[in-house]
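A short worksheet on the structure shown next.
No value in this document is a laboratory result; all are computed from the given coordinates. None of the values given here were measured: they were computed from a predicted structure. Every residue, glycine as well, gets a Cβ built from its backbone with ideal geometry; the counts of neighbours run over all protein chains shown.
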Amino acid sequence: MSKKLLNIASEFGSPVYVYDSETIINQYNRLTKAFSNVKNLKVNYAVKALSNISILRLFKSLGSGLDTVSIQEVQLGLKAGFKPEHIIYTPNGVSLEEIENVAKLGVQINIDNLSILEQFGTKHPNIPVCIRINPHVMAGGNTNISVGHIDSKFGISIHQIPLLLRIVENTKMNINGIHMHTGSDILDIDVFLYASEILFETAKQFKNLEFIDFGSGFKVPYKEGDIETNIEELGKKLSKRFNEFCKSYGKELTLAFEPGKFLVSQSGVFLAKVNVVKQTTSTVFAQIDSGFNHLIRPMLYGSQHEIINITNPGGRERFYSVVGYICETDTFANNRRINEIKEGDILCFKNAGAYCFTMASNYNSRYRPAEVLIHNGKPHLIRKRETFEDILQNQVEISI
Ligand SMILES: *Cc1c(COP(=O)(O)O)cnc(C)c1O
């Protein structure tokens, strides 16, 4: 694999994101297999994790739907060939106008606050709406991504169900789905199942449901010793509970999920070249031709992406701090054991499929990297590296 990645770095340049479709397909199949006891399962891939249109096409070929958080993601999905009924729109804090525009496209709307719910229901009582419930369950590996807790801005609190029901009754709107997304990085299946019970309790109060959406937050391992969500166990336990619920509800509902990270994180690597090896009094720095403009997760979340020197994989291990070329602190890793690094070596960052390219920026007026997809064993360029024209594209020069 190292050799293949080195060839990609020399053919397409660095830095570059490389994704492997086989890993994505395997993860998708793993998830659907885990829930094979559920008659109607719908996996809606969360576009924001990795939104390249070729990746969306790959998901379409697998029979996946899409989970979107902006009208632009909806448009990307439509452009990739998804039918509107295979897209769910789960925004947070967007305008009524944007929600109406997405509804006009025929996409399933998911509303997460009572104010918009009342306005939307009053104006469009016939458009089916899903509601996002906040079960107030603490789950998640990082406070930035724990979205189910009491002070979270996400979802309609379960404590507000009486008011929610009153709005639904008054507007005569049609609630066809119920949803939760308790945050990324679910460590504990029991916590997830507990939140699911709250969702079932809530679901009972709505008579016209077609689906229950359990969101996502499946954890994948980043560093050695990390645990990952046991999808097979979750599948077994939740399927059983879901099927029991459907029986008591009197209808075969669809069980929906909307994973991002689980489906694409491990499929991706980020390749960058070492510009400088710099020794200070205490540290050996390896400085790469990138920074948090291309991969912000270590700085934003403290994420630990495994780093491999693919130019010298058999070399003696030494300790390095891997940093970028941005003119402020941009540390990817501190005091990390890596095979001996020389200037010009290519470092490979693992788990770079999810929330990496999609969070990249032009800070320091640098170009965003290229993206390559290995499909059927062959590398395909799926996004060109930016050029100077891209930096200037929307700037308007006035005479001063
Ligand atoms: C981001 C997001 C997801 C995907 O979360 P992952 O942790 O990447 O699986 C799913 N649903 C909603 C509503 C989201 O905002």
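The Cβ shell under 13 Å around residue 341 holds other residues with a net charge of +3, Lys and Arg each +1, Asp and Glu each -1.
Considered as an equivalent ellipsoid built on the Cα gyration tensor, region 197-282 has semi-axes of 43, 13, 11 Å, the largest given first.
Semi-axes of the equivalent ellipsoid of region 307-369: what are they in whole Å, largest first, if each equals the square root of 5 times a C-alpha gyration tensor eigenvalue? Write down the numbers at each step before the final one.
Working: eigenvalues 109, 38, 25 Å².
Calculated on Cα positions only, the semi-axes equal 23, 14, 11 Å.
Selection among 54, 203, 72 by position relative to the dipole of the chain gives 54 as farthest towards the positive end (Cβ unit charges, Cα centre). Ordering 363, 323, 335 by the projection of their Cα atoms onto the charge dipole of region 281-400, which places +1 on the Cβ of Lys and Arg and -1 on the Cβ of Asp and Glu, puts 335 at the extreme positive end.
Across the cross-link table entries 39/207; 42/123; 42/79, which are compared at the Cα atoms, the separations over 26 Å belong to 42/123. Computed on the Cα trace of region 21-262, the radius of gyration divided by the Kirkwood hydrodynamic radius gives Rg/Rh = 0.94.
Please find the FRET efficiency linking residue 275 to residue 227, where r is the Cβ-Cβ separation and R0 is fixed at 51 Å, and quote it to the nearest 0.05. All intermediate terms of the calculation are to be shown ahead of the outcome.
Numbers: r = 35 Å, r/R0 = 0.69.
Between residue 275 and residue 227 the formula returns 0.90.
Of the residues 173, 93, 238, the one whose Cα sits farthest towards the positive end of the charge dipole of region 21-262 is 173 (charges of +1 on Lys and Arg Cβ, -1 on Asp and Glu Cβ, taken about the Cα centre).
May I ask you to derive the relative contact order of the chain, considering only C-alpha pairs under 8 Å and at least 6 residues apart, and to give it as an integer percent?
Working: 850 pairs, mean separation 78.0, N = 400.
Relative contact order of the chain: 20 percent.
Summary: within the chain, the longest segment free of trypsin sites (Lys or Arg not before Pro) located in DSSP loops with at most 15 other C-beta atoms within 10 Å is 40-152. Just how large is the dipole of the chain about the Cα centre, in debye to the nearest 20, putting +1 at every Lys and Arg Cβ and -1 at every Asp and Glu Cβ? Dipole magnitude for the chain comes out near 820 debye. A Förster radius of 41 Å combined with the Cβ-Cβ distance from residue 57 to residue 119 puts the calculated FRET efficiency at roughly 0.70.
Where Lys and Arg each count +1 and Asp and Glu each count -1, what net charge lies around residue 362 among other residues with Cβ under 9 Å from its Cβ? Working shown, then result.
Values: positive: 366, 368; negative: 386, 390.
Residues close to residue 362 contribute a combined charge of 0.
Look at where the Cα atoms of region 310-350 and of region 112-139 average out, and the two centres are 47 Å apart.
Listing 348, 246 from the residue with the fewest other Cβ atoms within 10 Å to the one with the most, what is the order?
Details: 348 23, 246 19.
Ranked by crowding around the Cβ, least crowded first: 246, 348.
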